[in-house]
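See structure below.
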Amino acid sequence: MLGGRIPWGVREEAVLIGVYDSGYGGLSVLRHLLAAFPDRDFLYLGDSGRAPYGGRDVHTLLDFGEQAVERLFEEGCRLVIVACNTMSCVALRHLQRHYCPPEGDRRVLGVTIPAAEAAVAHSAGHIGVLATRRTIASGTYPTEIRKLAPGHRVTSAAAPLLASIVEEGWEDTDVAREAVRRYLAPLAGIDTLVLGCTHYPFLEDAFRAALPTHVHVLDPAPHVALRLATWMERHPGFVEPGSGRLRVLCTGDPDAFVAHGTRFLGRPLPPVETIAEVGGRLAPREGHVEPRGQVVRPKRDRADGGTAG
Ligand code: DGL
């Protein structure tokens, strides 16, 4: 059973909101959520030790998504926002079916539908989407856009280098401008560009410079916050405020997380706590001690003859 203990002083009655991303990028979404909901308590989980997600296979993403959402619910969240485009595009339905039965009191929401709605609202008929390889391969953005506007054209392209360029802090370089120019080439004729990856808003200047001035460059993050506000109006069971606390968990190196994260969040992070990975899964909340030195374990029984995994 998923727990619900809240150990860091948030009010028991408050609805703790989890925000989940592959790493630092989702902090650019959290930034808008914090501004829109200053009296809410947030718990951010960045899976930076296993990022990037954008080139991962679907089943690995489903596994990672399950582990992260389970952890956020165990930590006491009742609402989880999947801030990562890749995870939202591939696994949102799966996570909702698994963890949010209609009669239950937990919900998982994503970023794709708010982005699609905002794109349709801005577009005269031709929307471009740039995102990670997995997001583009999923086809989720065109599907959601066409549900809302069946006559709209959607042109999408993967831009796998862009997230790394932002993580390096190279937004204002010729490398960034040239990469943006090349990735935009197949999107000629669009009137709206969806920045379909948490990192791309940091390249907004490069996108604006490379696109005709009439093209609307759309950062989904503020629309995610706006849509959450209207969602809460329709879901009064999730509105109980907290006291504006923020706790941050990451996998991987917490120092690197703080160094990068501050830029993405736009303000200093609270002390970042680490979750270890054990055998491909997030370590349990309590009792995990990482072994030191050489580790020898019994040979695994490989019924498949050693070809799998
Ligand atoms: N958060 C991811 C996304 O929006 C960033 C890129 C990645 O992890 O590959 O798709």
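Just to be sure I understand: of the beta bridges DSSP finds with both ends in the chain, what percent are antiparallel, rounded to 5?
For the chain, the DSSP antiparallel bridge percentage is about 5.
Sorted from fewest to most neighbouring beta carbons within 10 Å, what does the list K147, K299 look like?
K299, K147
Tell me the label-point distance for the pair E103, A229, using the 7 Å Cα-to-Cβ offset, in nm and rounded to one decimal.
Each label point lies 7 Å from its Cα, and together they span 3.6 nm.
Normalising by the residue count of the chain, find the relative contact order in percent from Cα pairs under 8 Å and 6+ residues apart.
Worked out over the chain, it gives 24 percent.
I need the phi-derived Karplus couplings for the range 179-195: 6.51 cos²θ - 1.76 cosθ + 1.60, θ = phi - 60°, integer Hz, Gly and Pro marked x.
4, 4, 4, 5, 5, 7, 3, x, 9, 4, x, 6, 10, 9, 10, 8, 7
Using alpha carbons only, how many angstrom separate the centre of the range 100-125 from the centre of the range 185-237?
The range 100-125 and the range 185-237 have Cα centres spaced 13 Å from each other.
In nanometres, what is the gap between the two model label sites at R146 and E204, each 7 Å from Cα along Cα-to-Cβ?
Those two pseudo-labels are separated by 3.1 nm.
Within the range 155-180, which residues have the backbone N less than 20 Å from the label spot 7 Å out from T60 along Cα→beta-carbon, could you tell me?
Counting only backbone N, you get 158-165, 167.
Could you compute the net charge surrounding A124? Neighbours are other residues with a C-beta less than 11 Å from the C-beta of A124; K and R count +1, D and E count -1.
Numbers: positive: R153; negative: D191.
Once all neighbours under 11 Å are counted, the net charge is 0.
For the chain, what is the calculated [θ] at 222 nm in deg cm²/dmol (nearest 500), taking -39500 (n - 2.57) for each run of four or more DSSP H residues and dividing by its residue count? The partial results should precede the final answer.
Numbers: 11 runs with 121 residues, N = 309.
So the helix-based figure for the chain works out to -12000 deg cm²/dmol.
Rank T140, T213, T251 by mean-square fluctuation in a GNM of the chain with C-alpha springs under 10 angstrom and give only the top-ranked residue.
Comparing T140, T213, T251 in a Gaussian network model of the chain, the most mobile one is T213.
Beyond 24 Å, what share of the Cα-Cα pairs of the chain remains, rounded to the nearest whole percent?
53 percent
Treating the Cα atoms of the range 26-92 as identical point scatterers in vacuum, please give the log10 of the normalised Debye intensity I(q)/I(0) at q = 0.19, 0.22, 0.27, 0.28 Å⁻¹, two decimals.
Rounded to two decimals, the profile gives -0.78, -1.01, -1.34, -1.40.
If you take every residue apart from P114 with its C-beta less than 13 Å away from the C-beta of P114, what net charge results, scoring Lys and Arg +1 and Asp and Glu -1?
Taking every other residue near P114 into account, the sum is -2.
Report Rg/Rh for the range 15-152, rounded to two decimals, where Rg is the Cα radius of gyration and Rh the Kirkwood radius.
0.97
Read-outs: derived from the displayed coordinates by stated rules, not from any lab. Please read all numbers here as calculations on a predicted model, not as lab measurements. Every residue, glycine as well, gets a Cβ built from its backbone with ideal geometry; the counts of neighbours run over all protein chains shown.
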